[in-house]
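Down below is the structure, laid out as structure tokens.
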Amino acid sequence: QVQLVESGGGLVQAGGSLRLSCAASGRTFSTYAFGWFRQAPGKEREFVAAIRWSGSSTNYADSLKGRFTIARDDAKNTVYLQMNSLKAEDTAVYYCAAGRTYGPRVAEIYDYWGQGTLVTVSS
């Protein structure tokens, strides 16, 4: 069983940056792949970024490449999402997910989900 707790969301002005964190419980953190998804009000959940268990491979939504960066620190059992040059359309609840299979864009592949953290970008 893995428990995920996201943090770092909040209100930021357009053009600003935020770093989200996802703290995971359990001793097998390094064997999991992690993904970030987001869901804006009235919209479907969408893939943001993912990282393989070794950190050797990452994957990003095409529209977010160059602005968002996913990273992991296995010593801290934490996955990060650095978000730069934020836009109003980035406003959403951001979810962290973990799974033993590297999808990476398929939400159904992930076994565990956090409760989400709200990011609001004001224009």
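The values are calculated or read from the model by the stated rules, or taken from the named source; none is laboratory data. Just so you know, these numbers come straight off a predicted model, no measurement behind them. Ideal geometry is used to build each Cβ from the backbone, glycine not excepted, and the neighbour counts take in all protein chains shown. Areas reflect the complete protein model, heavy atoms only, side chains present, ligands, DNA and RNA absent. Shrake-Rupley method; radii C 1.70, N 1.55, O 1.52, S 1.80 Å.
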For E89 and S122 in the same chain, what is the full-extension length gain: residue separation times 0.36 nm, less their Cα-Cα distance, in nm?
10.9 nm
Jot down the radius of gyration and Dmax of the range 23-78, Cα atoms only, both in angstrom.
12.5, 37
Taking 0.36 nm per intervening residue step and subtracting the Cα-Cα distance, what contour gain separates R105 from S30 on full extension?
25.1 nm
I'd like to know which of A98, Q39, T58 lies farthest towards the positive end of the charge dipole of the range 19-117, counting +1 on Cβ of Lys and Arg and -1 on Cβ of Asp and Glu.
T58
If R₀ is 25 angstrom, what is the calculated FRET efficiency for the pair D62 and R19, using the beta carbon separation as r and rounding to 0.05?
0.70
Among A92, A23, A75: highest mean-square fluctuation, GNM of the chain, C-alpha pairs under 10 Å
A75
Surface per residue (accessible, 1.4 Å probe) for the range 24-71, Å²
52
By a straight-distance test (C-alpha under 28 Å), which lysines pair with K76 as possible cross-link partners, with residues fewer than eight away in the same chain excluded?
K65
Carbon and sulfur atoms: what percent of the 1.4 Å accessible area of the range 1-82 do they account for?
45
Which of the GluC sites (Glu not before Pro) found in the range 1-103 are loop residues per DSSP with 16 or fewer other Cβ atoms within 10 Å of their Cβ?
E44
Segment R52-A75, length gained on full extension (0.36 nm per residue, minus Cα span)
6.7 nm
